[in-house]
Amino acid sequence: MPLNPDQLIRDEIRAIAAYHVPDSSGYVKLDAMENPYPLPDVLRAALSQIAHDAAINRYPDAAATALKARLRSAMDIPDGMEILLGNGSDEIIQILAMAIAKPGATILGLEPSFVMYKMIAAFAGVSYVGVPLRPNFTLDLDATLAAIAEHQPALIFIAYPNNPTGNLFDMTALLRILDAAPGLVVLDEAYHVFALESFMPLLARYPNLLVMRTLSKLGLAGLRLGFLVGSPTWLNELDKLRLPYNVNVLTQQVAEKVLAHVDILEQQAAAIRDERARLMQFLDNVAGVEAFPSAANFILLRVPNADKVFEAMKQRGILIKNLSRAHPQLQNCLRVTVGTPNENDQFLASLTTSL
Ligand SMILES: *Cc1c(COP(=O)(O)O)cnc(C)c1O
C-alpha cells in the first residue's frame, strides 16, 4: 500500500488552511488592492505589438538586463545596490525563507500583518514568531525588541505601510529594530506609491536591510513582478535560489515598456490617494464605523457586526474583504480597496445601508 497524505505530507503543511481567493465575477471588486484604472489605449497598442513580436519560443533573458535597468531608473534604486526579481514579491518571500532555513532558524513578523510571511515560513520549515501590534495597530517597540533578543530571528518581515492595517510604523522605532536585529530585516514596501515613504535611501547605512517592492499594487497585478533591493553581498547568495527563468518573456517586456511611462501609473496612484482622503472623510462621519488611518490603497474598518455587513454588501454586488476571523485583533474588521470615484460611491452607499 502506498502512503496516504497523512503519512507523507509534513504536519505543518496539512495544518495550513489553503489561501482562499473568492470568485469575484460580476462584483464591484474592492477586495484585493488592485488599481482600478486601465492603461491608456496608445500604451495598450504598444503592448499588443510586444506580444506580437516576442520570441516566446525562446527562454527569457535569465538576467532580465533591460527590465532591471528600467527598474533602476523608474524606482530610484541607489547606485551600488543589486536587484533580485521575483514572480511577484510572494516568490521573493519564499526565496528569503528558503535561504535562511537552517535547523532552528526563526522568522519574525508583526501581527496582524501580511499572512504570506507566516505561511511561507511553514512552507520552508522555519519556525515563525509573531509579535502583536498594539490594539491601535501601532508598533510595540519594547515587545518587538524583547522578541528579537529572545528568538534571534534570521529574518524579520515588516510591511511598510502594513497590510491589512494600512498604517506606517514609526520610523525611529524601525531604526531601533534594524540596530537590534541579528539577521536580515526586510521592509516590504508593496504600497510605496500610496505612502511615498521609503527605506530605500537607508540601504547604504544598514547592511542588514533589504527593501522589497512589487508592481502589483501599482497597477500590474496580473504580470506578477516583485523585486528585492539590497547589497550585492546578500543578493548574490539569494539569487542562487531563484529558478533561472522565473520572470517570463512577456512580463519582462511588458513591465519594461509600462515602466518607461511610470508617470501614468503614478498619476493613477495620485487619483487613488485623493479618493482615499475622500473616503476617510466620509467614513469618519458614519456612526458605528471606525476607520483606521491609511497610507495604502485600502482602508481598514471596524463595524458592529462585520459578518452581517460583509454579506449584505455582497448581496448588493460589492465585494470587500472580511478579516473578522483572520486574527484576534481584527475582530469585526473589514478591508476595502480604494476604487474609482464611482466604485467608491457605490461602496459608501452600500455600506451605510448594510450597517
Ligand atoms: C500584496 C502584497 C504583497 C504581494 O505582492 P505580489 O507582488 O503580488 O506577490 C506583498 N506584501 C504585501 C504587504 C502585500 O500587501
Original post:
Just for the chain, what percent of DSSP beta bridges are antiparallel, to the closest 5?
Top reply: 45 percent
**OP:** Pull out the extension gain between Y37 and R278, defined as 0.36 nm times the separation in residues minus the alpha carbon to alpha carbon distance; nm, one decimal.
**Re:** 85.0 nm
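Return the subset of K102/K217; K68/K217; K102/K257; K257/K321; K68/K321 for which the Cα-Cα distance in this structure is over 28 Å, preserving the input order.
K102/K217; K102/K257; K257/K321; K68/K321
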Subject >> Sequence-separation-based contact order of the chain, relative, with Cα cut under 8 Å and 6+ spacing, percent >> reply: 23 percent
Subject >> Vicinal HN-Hα couplings computed from phi for segment 196-212 (Karplus, 6.51 cos²θ - 1.76 cosθ + 1.60; Hz; Gly/Pro x) >> reply: 6, 10, 8, 8, 3, x, 8, 4, 5, 7, 10, x, 9, 8, 10, 10, 10
Subject >> Anisotropy class of the chain from Cα gyration tensor, a/c 1.5 cut >> reply: rounded
Original post:
Taking a ≥ b ≥ c as the square roots of the eigenvalues of the Cα gyration tensor of segment 174-260, is the shape rounded (a/c under 1.5), prolate (a/b larger than b/c) or oblate?
Top reply: oblate
Original post:
Put +1 on the Cβ of each Lys and Arg and -1 on the Cβ of each Asp and Glu in segment 89-248; which of N248, V193, L175 then has its Cα farthest toward the positive end of the dipole?
Top reply: N248
**OP:** Would you pull out the residues with amide H under 5 Å of L323's amide H, same chain only if 5 or more places away, H placed 1.01 Å from N?
**Re:** C333, L334, R335
Original post:
Using unit Cβ charges (K, R positive; D, E negative) and no other charged atoms, how large, in debye to the nearest 20, is the dipole of segment 47-131 about its Cα centre?
Top reply: 140 debye
Original post:
Can you give the net charge of the other residues whose Cβ lies under 11 Å from the Cβ of L145, counting K and R as +1 and D and E as -1?
Top reply: -3
**OP:** Quick one: compute the contact order of segment 122-252, relative version, from alpha carbon pairs under 8 angstrom and 6+ residues apart, as a percent.
**Re:** 17 percent
**OP:** Name the residue farthest towards the positive end of the dipole of the chain from the options A45, I158, N57, assuming +1 on Cβ of Lys and Arg, -1 on Cβ of Asp and Glu, about the Cα centre.
**Re:** N57
Subject >> Sites matching trypsin sites (Lys or Arg not before Pro) across segment 203-244 that sit in DSSP coil, with at most 12 neighbouring C-beta atoms within 10 Å >> reply: R205
Original post:
Say R0 is 35 Å: what FRET efficiency, to the nearest 0.05, do R134 and L196 get from their beta-carbon distance?
Top reply: 0.90
Original post:
So what is the relative contact order for segment 1-126, in percent, with contacts set as C-alpha pairs under 8 Å and at least six apart?
Top reply: 27 percent
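Charges at C-beta only: +1 for Lys and Arg, -1 for Asp and Glu. How large is the resulting dipole of the chain about its Cα centre, in Debye rounded to 20?
Numbers: 29 positive and 36 negative charges, 81 e Å.
Using only the charged Cβ atoms, the result is roughly 380 debye.
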Original post:
So in segment 147-235, what percent of DSSP beta bridges are antiparallel if you round to the nearest 5?
Top reply: 30 percent
Subject >> Cα gyration tensor category, rounded, prolate or oblate, for segment 93-217 with a/c compared to 1.5 >> reply: rounded
**OP:** Work out the length of the dipole vector of segment 1-49 about its Cα centre, built from +1 on the beta-carbon of each Lys and Arg and -1 on the beta-carbon of each Asp and Glu, and round it to the nearest 20 debye.
**Re:** 120 debye
Original post:
How long is the gain from S73 to S48 if the chain were fully straight, where each residue apart is worth 0.36 nm and the alpha carbon distance is subtracted?
Top reply: 6.6 nm
Original post:
To the nearest 500 deg cm²/dmol, what mean residue ellipticity at 222 nm is calculated for the chain from DSSP H runs of n ≥ 4 alone, each contributing -39,500 (n - 2.57), summed and divided by the residues?
Top reply: -11500 deg cm²/dmol
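Read-outs: derived from the displayed coordinates by stated rules, not from any lab. Just so you know, these numbers come straight off a predicted model, no measurement behind them. No Cβ is skipped: glycine too gets one built from the backbone with ideal geometry, and neighbour counts run over all protein chains shown.
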